[in-house]
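Report on one structure; see the data block that follows.
The values are calculated or read from the model by the stated rules, or taken from the named source; none is laboratory data. In this text the structure is predicted, and so the values were computed from the model without any measurement. Here Cβ is always computed from backbone atoms with ideal geometry, including for glycine, and neighbour counts include all displayed protein chains.
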Amino acid sequence: MQQARRLCCANSMPLTGVFMVTIHIDDSNPFPNFPVEPENRRESFADFCKREAAGLRLESDEMEQENREQEELNALQKRCSERKSALLYNNLDLILRHREEIIATPRYANIDVQYAIKGGGLYVGHLSAVRHFNFVGTLVSIGLKLSSLLEIWDNELFKVECKCGDTAVIRSFSGSPLSGESMATAICPKCKREIRVKNRSFGGYCGLMSIGHERDIEKVVKSIIAKWTLAEVAYEKNAAEGKDAKWRKAGRELHDDGEPCNLETMINELKLKEFQLASR
Ligand SMILES: [Zn+2]
């Protein structure tokens, strides 16, 4: 039950008079009893004194250094992503001209482009196009693939007619899942004009972006499972043939897709290809 306690403060200042202050204290919720909570990690005062006497800190210099270095790496990663995003949109016409070729070429289709599309809104926050997983202490980041971005842009929701006659594509959106209202920004591949788009389906933007990214996560995981199956088969074959199974395990037989292609290389290759075709 909520109780209100009335406190009176009489201030005996002869010139300014007497002040009355009413303070309401809500004590319907008792002060939490931290020590009995099963997940309590708060330190008691006695433990604090013991730890201080032993010269131990909750966060050591080494931990702080690691955090600082990670922040530096994150800042560098952010600058790199901004540069890549600018490069992608500066070459949007080239990329869209080669849409089918990119989708059909795994080393182009599988380029991570999580920086190329930004979405978010009220209640849902920032919609990230990259997910970071910790699998037995090994960090794996799976971003939105270029082929998925091109497929997202193939939906009418992500297309806008530009004044120049070309079709612009949406690169950022925000809105509210409650009202469904949205604001978006599109870029024209031809004249590079930025176009503001109002009140299209916010749920549609989020849904199409999420589906594309979730398919990419599935693609990566299934690829690892398939490659592991091949590795086990190769290992068992070697063991059956009497090859040194004692010092070789299936892990040695696990192979990846080889050197990944990056956006910079793909753009250069596509430009060279167009140049060679034009100069024939
Ligand atoms: Zn245009």
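Going by the structure shown, is L157 part of a helix (DSSP H, G or I), within 14 Å of G204 (Cα to Cα) and in contact with a helix residue (DSSP H, G or I) (Cβ under 7 Å, 6 or more places away or on another chain)?
So L157 fits the description; yes.
Hey, can you tell me all the residues within the range 185-218 that are in contact with a helix residue (DSSP H, G or I) (Cβ under 7 Å, 6 or more places away or on another chain) and either within 16 Å of the ligand (Cβ to nearest atom) or among the hydrophobic types (A, V, I, L, M, F, W, C) (or both)?
Those that are in contact with a helix residue (DSSP H, G or I) (Cβ under 7 Å, 6 or more places away or on another chain) and either within 16 Å of the ligand (Cβ to nearest atom) or among the hydrophobic types (A, V, I, L, M, F, W, C) (or both): I187, P189, K190, L208, M209.
Determine which single condition G165 fails, assuming it passes every other condition in (1) within 14 Å of the ligand (Cβ to nearest atom); (2) under 25 Å from G125 (Cβ atoms); (3) small (G, A, S).
G165 satisfies every listed condition except (2).
Can you say whether T185 is exposed (fewer than 15 other Cβ atoms within 10 Å of the Cβ) and of a type in the set (S, T, Y), as far as the supplied structure shows?
no
Is it the case that R171 is within 16 Å of the ligand (Cβ to nearest atom), buried (at least 21 other Cβ atoms within 10 Å of the Cβ), part of a strand (DSSP E or B) and not hydrophobic (A, V, I, L, M, F, W, C)?
Considered against the rule, which asks whether it is within 16 Å of the ligand (Cβ to nearest atom), buried (at least 21 other Cβ atoms within 10 Å of the Cβ), part of a strand (DSSP E or B) and not hydrophobic (A, V, I, L, M, F, W, C), R171 comes out as yes.
Sort out which residues of the range 156-168 are surrounded by 14 or more Cβ atoms within 10 Å (Cβ to Cβ) and of a type outside the set (A, V, I, L, M, F, W, C), and write them in order of number.
K159, D166, T167
Does the range 189-247 hold any residues that are assigned to a loop (DSSP other than H, G, I, E, B), within 30 Å of D257 (Cβ to Cβ) and in contact (Cβ under 8 Å) with a residue 12 or more places away in the chain, and which are they?
P189
Which one of the conditions (1) more than 19 Å from N91 (Cα to Cα); (2) within 16 Å of the ligand (Cβ to nearest atom) does V160 fail to meet, given that it meets all the rest?
(1)
Within the range 181-197, how many residues are out of contact with any Asp or Glu (no Cβ under 8 Å at 6 or more places or on another chain) and either aliphatic (A, V, I, L, M) or within 13 Å of L157 (Cβ to Cβ) (or both)?
5
For R107, are the conditions met, namely being of a type in the set (D, E, K, R) and in a strand (DSSP E or B)?
So R107 does not fit the description; no.
Could you figure out which of (1) in contact with an Asp or Glu (Cβ under 8 Å, 6 or more places away or on another chain); (2) within 16 Å of the ligand (Cβ to nearest atom) isn't true of W153?
Result: W153 passes all but (1).
Scan the range 174-188 residue by residue and report those that are assigned to a loop (DSSP other than H, G, I, E, B) and either at pLDDT 95 or above or out of contact with any strand residue (DSSP E or B) (no Cβ under 6 Å at 6 or more places or on another chain) (or both).
Result: P177, L178, S179, G180, C188.
Determine which member of the set Y123, Y89, Y115 is within 21 Å of E218 (Cα to Cα) and hydroxyl-bearing (S, T, Y).
Y115
Of all residues in the range 171-188, how many are of a type in the set (D, E, K, R) and touching a residue at least 60 places away in the same chain (Cβ under 8 Å)?
Number of matching residues: 1.
Among the residues of the range 102-120, are any aromatic (F, W, Y) and within 16 Å of the ligand (Cβ to nearest atom)?
No: zero hits.
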